[in-house]
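Colleague: Handing you a structure now.
A short reminder: the numbers here are calculations on the coordinates, not readings from a lab. Predicted model only: the values in this text are computed from it and were never measured. Backbone-built Cβ (ideal geometry, glycine too); neighbour counts: all protein chains shown.
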Amino acid sequence: MVTDRLPDAVTPDPYLRRVRKDEMEKIMPACVAMFTEEVGVSPLAGDGGLLYQARVAELVGSGRAFARFDAEGKVVFKAEIGAATDRACQIQGVWVAPSTGAPAWRPPAWRRSSATPWPMSPRSSAST
């Protein structure tokens, strides 16, 4: 999917925001679940997840990890910006908590947030 503008009918989700460094423990279970569900192998296999945790920390530290948390602080939606240029970016690692009941292909939090880098990336390529 490629877009160069936000559709008029899409309302920004005020609860979708960048993940903070102090939230690594909250985001990791969602990241591991997404990877395992998509690839069929846990990213914790082999080295115990050290390389995977470092990659997630890199995404969080660079401001490329986004999530929506519920009232208890659990992740209900997450996505990251993978490759990015001044003209485009790739959305990766999209995951919706099974408890939301939302279809995986159309999560409720998949809306523009004030924290998303649209001005930096007018064309976005989304992949799951």
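Colleague: If contacts are Cα pairs under 8 angstrom and at least 6 residues apart, what is the relative contact order of region 14-101 in percent?
Modeller: Relative contact order comes out at 29 percent.
Colleague: Another question, if that's okay. In region 1-108, which trypsin sites (Lys or Arg not before Pro) are in a loop and have at most 10 other Cβ atoms within 10 Å, using DSSP for the loop call?
Modeller: Values: sites: Arg5, Arg17, Arg18, Arg20, Lys21, Lys26, Arg55, Arg64, Arg68, Lys74, Lys78, Arg87; in loops: Arg5, Arg20, Arg64, Lys74, Arg87.
Within region 1-108, the qualifying trypsin sites (Lys or Arg not before Pro) (loop, at most 10 other Cβ atoms within 10 Å) are Arg5, Arg87.
Colleague: Computed FRET efficiency, Cβ-Cβ of Glu23 and Ala45, R0 25 Å: what is it to the nearest 0.05? Write down the numbers at each step before the final one.
Modeller: Numbers: r = 24 Å, r/R0 = 0.97.
According to the calculation, E is roughly 0.55.
Colleague: Could I ask something else about it? With each pseudo-label sitting 7 Å past Cα toward Cβ, what's the Thr36-Ala88 distance in nm, one decimal?
Modeller: 3.4
Colleague: Counting other C-beta atoms within 10 Å, which of Asp13, Asp4 has the fewest, and how do the rest follow? Could you put the intermediate results ahead of the total?
Modeller: Details: Asp13 19, Asp4 11.
Listed from fewest to most nearby Cβ atoms, that is Asp4, Asp13.
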